[in-house]
1. Can you tell me which residue within segment 28-53, out of those that are of a type in the set (D, E, K, R) and at pLDDT 85 or above, is least open to solvent (accessible area, probe 1.4 Å)?
2. Here is a list: S124, S128. Which entry is surrounded by 16 or more Cβ atoms within 10 Å (Cβ to Cβ), at pLDDT 90 or above, in contact with an Asp or Glu (Cβ under 6 Å, 6 or more places away or on another chain) and not aliphatic (A, V, I, L, M)?
3. Within segment 61-83, work out how many residues are closer than 15 Å to G134 by Cα, outside any strand (DSSP E or B) and modelled with pLDDT of 90 or more.
Amino acid sequence: VTGPTKNTRHGSFCARWPNVSRKLCNTLDWEAARRWCQTNWSGDLARPTGNLNRFIQKVVPRETYVWLGGNDREQEGRWVWPDGTVLDDQFPWVSGQPNDWGSGEDCLALDIGYGRTGDMFDFSCSDSYNFVCGRSA
């Protein structure tokens with residue numbers, strides 16, 4: 001794993017794993033993160049895979065949540081990936097999630113370091129978190 005490329009003046013960073021089509025970046029809301037991935041990385045927000053959690057844990061500098069590509073913005077309760085593929089019934093949500101709490105939580109985030117690392121939550125898409133871009137290899 002390569003260390004993050006840091007821009008300490010702005011407090012932002014991006015990191016990538018050699019020979020892997022992923023990029024982890026600074027904090028944005030979900031929609032801005034998705035646009036950033038599309039514009040700057042020729043991809044979209046990532047889908048979790050076997051080694052994604054390990055990659056994120058190595059490069060994220062603190063406890064946080066990380067945006068991934070899942071969302072139910074088009075139809076409440078119908079969670080899809082950016083390509084339209086529906087999340088299957090075996091998706092590893094943390095117990096009680098997704099719960100669409102408060103004003104609506106329609107975007108998928110991965111927990112990093114809050115004691116439940118690897119668990120998936122739904123959060124408000126307007127929250128700002130680190131995010132992971134993915135693209136086809």
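The values are calculated or read from the model by the stated rules, or taken from the named source; none is laboratory data. It should be emphasised that the depicted structure is a prediction, and the values quoted were computed from it without experimental measurement. Ideal geometry is used to build each Cβ from the backbone, glycine not excepted, and the neighbour counts take in all protein chains shown. Each accessible area value is taken on the protein alone, full model and side chains, heavy atoms only, with ligands, DNA and RNA left out. Shrake-Rupley method; radii C 1.70, N 1.55, O 1.52, S 1.80 Å.
1. D44
2. Working: S128 fails: surrounded by 16 or more Cβ atoms within 10 Å (Cβ to Cβ).
Selected residue: S124, the only one of S124, S128 that is surrounded by 16 or more Cβ atoms within 10 Å (Cβ to Cβ), at pLDDT 90 or above, in contact with an Asp or Glu (Cβ under 6 Å, 6 or more places away or on another chain) and not aliphatic (A, V, I, L, M).
3. Of the residues in segment 61-83, the ones closer than 15 Å to G134 by Cα are 66-70, 81-83.
Within this subset, residues satisfying the condition of being outside any strand (DSSP E or B) are 81-83.
Those still in the list that are modelled with pLDDT of 90 or more too: 81.
Residues meeting the conditions: 1.
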